[in-house]
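A short write-up of the structure that comes next.
The values are calculated or read from the model by the stated rules, or taken from the named source; none is laboratory data. Quick caveat, the model's predicted, so the values are computed rather than measured. So basically every Cβ, Gly included, is an ideal-geometry build from the backbone, and we count neighbours across all protein chains shown.
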Amino acid sequence: MSLRPDLAVIAANVAPGSRVLDIGCGDGELMAALRDKKGVDARGLELDASDVASAVARGLSVVQGDADTDLADYPDNSFDYAILSQTLQTTRAPDVVLEHLLRIGRHAFVSFPNFAHWRVRASLLWGGRMPVTRLLPVAWYATPNIHHVTIDDFRALLKERGITVEGAWFLSGDQRTSATMANLLAEHAVFLLRR
């Protein structure tokens, strides 16, 4: 089973043998890949009880919890990497969650759908409606996304908070795309960050 494209980027860039906290880990797909292929000590935090059960059934160390409230309980620098894949836009306070990521982990991976992608813009411009696509597959009223972040919005937040970008990858469909005009052309973004 191959990883979702943003997870594959993260997996390729996590150092072997490191300690990882995957926040919003779902059923543990990334954690299992990191454990099995890179000998990573992976821990997870997941809101959905059925996903927690699936991850635990894979032999993974996952607890049920909420990124908005439970990250404050983790000690500073307790992980090499804190990972938040396609979860930032579902949190109530993304800026606070980001600060916790960078406090808990020496590095943080953050991936999110880019709501400034040209297809999203075209759907709003020509159809006047929020898009439903392969990567954003639910209607506006059923989506877990409560903050519609763009690549340029995220870059501005990083600059405002003095956060260093160690790496950035931009995805269109299942392929990487150039950083040039990423805010318009990339459907998803992956950032590797540090303080």
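One table, with the values for the structure above:
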| item | result |
| --- | --- |
| Which numbered condition H117 misses (of (1) at pLDDT 85 or above; (2) crowded, with 21+ Cβ neighbours inside 10 Å) | (1) |
| Residue among V138, V132, V149 that alone is closer than 16 Å to S85 by Cα and part of a loop (DSSP other than H, G, I, E, B) | V149 |
| Matching option when the condition is crowded, with 20+ Cβ neighbours inside 10 Å and not in a loop (DSSP other than H, G, I, E, B), among V110, V96 | V110 |
| Long-range neighbours under 6 Å by Cβ, at least six apart or interchain, first residue modelled with pLDDT of 95 or more within the range 166-179, second surrounded by 14 or more Cβ atoms within 10 Å (Cβ to Cβ) and hydroxyl-bearing (S, T, Y) | F170/T177 |
| Count - residues of the range 32-86 that are over 25 Å from G167 (Cα atoms), among the aliphatic types (A, V, I, L, M) and assigned to a strand (DSSP E or B) | 2 |
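This table checks each residue for (1) on the phi < 0 side of the Ramachandran plot; (2) over 12 Å from the mean Cα position of the chain (by Cα); (3) acidic (D, E).
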| residue | (1), (2), (3) |
| --- | --- |
| D41 | yes, yes, yes |
| D48 | yes, yes, yes |
| G59 | no, yes, no |
| D66 | yes, yes, yes |
| S85 | yes, no, no |
| P94 | yes, no, no |
| L101 | yes, no, no |
